[in-house]
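Asks: Submitted below is the structure of interest, expressed as structure tokens.
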Amino acid sequence: MRLHKLKRKLQVQGTVFSGKGEGSKFTNLTWVKTQTEEKLGFIPFPGTLNIRLDNKNASKLWKALNKAEPIELVPVADFCRGRCYRVTLEDKTECALLIPQVADYPKDMVEIVSPVNLREKLKLSDGNMVELTLFV
């Protein structure tokens, strides 16, 4: 990924938490792997890192996302579209924020896709605070 060419960045903090396992189903789909590799430059680790944001950080992030140009993951039949945005986690690991385009997606939650297991690489557990940097 070429994060250095993007000029503005927004940093938000959130708390790591365990999800329902839906991220691993999504990232294991062939069309998701193919498009993630083509559009983001990596094959995703099977699963996402879930981060819960407080109201202030969620508001800042969604305001920035509404102005940013997403990288679209275009689905095959019967799947939702995904919007990705280039981010770093803890200011050192390049990855992507993934927003599934479903009506009831929580505004206080984000999912991170990466070529590696972020929990292992960054030694993260539920309840850990992390910093996410969005490049717009």
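The values are calculated or read from the model by the stated rules, or taken from the named source; none is laboratory data. Because the structure is predicted, anything quoted here is derived from the model rather than measured. Glycine gets a Cβ as well: all are built from the backbone with ideal geometry, and neighbour counts include every protein chain shown.
Asks: Check region 99-114 and report whether any residue there is more than 16 Å from Val12 (Cβ to Cβ) and polar (S, T, N, Q).
Replies: So in region 99-114, the residues more than 16 Å from Val12 (Cβ to Cβ) come out as 100-105, 113-114.
After this cut, where a residue has to be polar (S, T, N, Q) as well, the list is 101, 114.
There is at least one residue in region 99-114 that is more than 16 Å from Val12 (Cβ to Cβ) and polar (S, T, N, Q).
Asks: Another one. For the structure I just gave you, tell me whether Thr48 is in contact with a Gly (Cβ under 9 Å, 6 or more places away or on another chain), hydroxyl-bearing (Ser, Thr, Tyr) and either surrounded by 15 or more Cβ atoms within 10 Å (Cβ to Cβ) or at pLDDT 95 or above (or both). Write out each step before concluding.
Replies: Working: in contact with a Gly (Cβ under 9 Å, 6 or more places away or on another chain): yes; hydroxyl-bearing (Ser, Thr, Tyr): yes; either surrounded by 15 or more Cβ atoms within 10 Å (Cβ to Cβ) or at pLDDT 95 or above (or both): yes.
Judged against the criteria, Thr48 is a match.
Asks: Hey, another quick one. Residue by residue through region 40-68, note down the ones that are outside any loop (DSSP other than H, G, I, E, B) and either of a type outside the set (A, V, I, L, M, F, W, C) or in contact with a Pro (Cβ under 8 Å, 6 or more places away or on another chain) (or both). Write out each step before concluding.
Replies: In the first step, residues of region 40-68 are kept if they are outside any loop (DSSP other than H, G, I, E, B); the result is 40, 49-53, 55-67.
Hits for region 40-68 are Asn50, Arg52, Asn55, Lys56, Asn57, Ser59, Lys60, Lys63, Asn66, Lys67.
Asks: Of the conditions (1) of a type in the set (D, E, K, R); (2) closer than 17 Å to Glu94 by Cα; (3) not in a helix (DSSP H, G or I), Glu37 satisfies every one except a single condition; which number is it?
Replies: Of the numbered conditions (1) of a type in the set (D, E, K, R); (2) closer than 17 Å to Glu94 by Cα; (3) not in a helix (DSSP H, G or I), the odd one out for Glu37 is (3).
Residue-by-condition table, conditions (1) buried (at least 17 other Cβ atoms within 10 Å of the Cβ); (2) more than 13 Å from the chain's Cα centre (by Cα); (3) over 16 Å from Val16 (Cα atoms):
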| position | (1), (2), (3) |
| --- | --- |
| Ser59 | no, yes, yes |
| Lys67 | no, yes, yes |
| Glu72 | no, no, yes |
| Ala77 | no, yes, yes |
| Gly82 | yes, no, yes |
| Lys92 | no, yes, yes |
| Cys95 | yes, no, no |
| Pro106 | no, yes, no |
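Asks: Of all residues in region 23-39, count the ones that are in contact (Cβ under 8 Å) with a residue 24 or more places away in the chain and more than 20 Å from Ala68 (Cα to Cα). So that I can check it myself, show each step before the final result.
Replies: Of all residues in region 23-39, those in contact (Cβ under 8 Å) with a residue 24 or more places away in the chain come to 23-24, 26-27, 29, 31-32, 35-36, 39.
Narrowing the set further to residues that are more than 20 Å from Ala68 (Cα to Cα) leaves 23-24, 26-27, 29, 31-32.
Of the residues in that region, 7 qualify.
Asks: Which one is nearest to Pro70 (Cα to Cα), of the residues in region 96-129 that are in a strand (DSSP E or B) and touching a Leu at 6+ places or on another chain (Cβ under 6 Å)? Reasoning before the result, please.
Replies: Narrowing region 96-129 to residues in a strand (DSSP E or B): 96-100, 109-113, 129.
Subsequent filtering for residues that are touching a Leu at 6+ places or on another chain (Cβ under 6 Å) retains 96, 110-113.
On the way: Ala96: 11, Val110: 14, Glu111: 14, Ile112: 14, Val113: 14 Å.
The qualifying residue nearest to Pro70 (Cα to Cα) is Ala96.
Asks: Output the residues belonging to region 29-77 that are of a type in the set (A, V, I, L, M) and farther than 17 Å from Glu111 by Cβ. Steps first, answer last, please.
Replies: Taking region 29-77 as the starting set, the residues that turn out to be of a type in the set (A, V, I, L, M) are 29, 32, 40, 43, 49, 51, 53, 58, 61, 64-65, 68, 71, 73-74, 76-77.
The answer is Val74, Val76, Ala77.
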